[in-house]
Amino acid sequence: MEQRVSISVTDGIADVRLARADKMNALDAAMFEALVAATERLGRETGLRAVVLSGEGRAFCAGLDMGRFAAMKEGGGHGIPGAEKRDLTARTHGQANFAQQAVWGWRQLPVPVIAAVHGVAFGGGFQLALGADIRFLAPDARMSIMEVKWGLVPDMAGTPILATLVRDDILRELTFTGRIFSAQEAQSYGLATRICDDPRAAAFEVAREIAGKSPDAIRAAKRMLNGLSVDPGPALLAESVEQQKLLGSANQREAVTANIEKRAPRFADAG
């Protein structure tokens, strides 16, 4: 299988790179597998002090692979054979399902994770950036909670994280519209820690600073700060329940079809 995520560890700092540059690091089944495997591997890494998460090529992550949307148009579900029969509400990784763990796993790592975002971070790619503790954005980076475009809701652990970062009305507006917003807007909303000309270089600079601190204190601080959040379990389950209702429904398939055919959607009234 073609490598989707590369990992190298130097002086306690993990350099994690999404390695599907030809597809703007879009999320296919192999990428989901690689992201979950990466968090599992790093969770076992001795001497780990910090993680820098970035994407190769033109983008951080463009979101769900377009091929999966094309397959969704034809067969429903997630665009993976048999996916329509899977129970998204099944908790396969503690409080999360598999897709959520691709994001939530970074929150569960015992050390700080810094995302260096350039290009686009749309949909699932945006949620992946949210999994980091700190987000550095390039000045021209663009983000979107894009799931509504495809007749879906965010279901990769984005909602419990967003609820701790963004004012409620802003979160609702971004979720309901799916509009693309700039790095400057992201910073004003609380979604960007810093805007940097070279976010990856800045991320490594901060990672080295963190690596120079007591590892016991850093890990204790992450545990303590994670504990400040409201229990994510109900929100993670709610994501799955709502998404499962939408996947393959008439209006969701119409949203996908209209986007692929580049026309205005013709939705039936909500029941």
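Note on the chain: with charges restricted to the Cβ of Lys and Arg (+1) and Asp and Glu (-1), its dipole about the Cα centre is near 80 debye. With the gyration tensor restricted to C-alpha atoms of the stretch 166-216, the semi-axes of the equivalent ellipsoid amount to 30, 14, 7 Å, longest first. Near Leu64, the amide H atoms lying under 5 Å from its own belong to Leu27, Gly124, Gly125; only residues 5 or more places off or on other chains count, and H is placed 1.01 Å from N. Across the chain, the convex hull enclosing all Cα atoms gives 130 Å³ per residue. Close Lys pairs in the chain, defined as Cα atoms under 21 Å apart and 8 or more places apart or on different chains, number 11. Estimated purely from DSSP H runs of n ≥ 4, each contributing -39500 (n - 2.57), the mean residue ellipticity at 222 nm for the chain is -13000 deg cm²/dmol once divided by its residues. Going from the residue with the fewest nearby Cβ atoms within 10 Å to the one with the most, Phe98, Phe136, Phe60, Phe32 rank Phe98, Phe32, Phe136, Phe60. Just going by the charge dipole of the stretch 184-257, with Lys and Arg at +1 and Asp and Glu at -1 on Cβ, which of Pro234, Ala255, Ala186 is farthest out on the positive end? Checking the options against the dipole of the stretch 184-257, the answer is Pro234.
Every read-out reported here was derived from the displayed coordinates using simple, explicitly stated rules and does not represent laboratory data. Quick caveat: nothing in here was measured; it's all calculated off a predicted structure. Quick reminder, even Gly has a Cβ in these numbers, built from the backbone with ideal geometry, and neighbours come from all protein chains shown.
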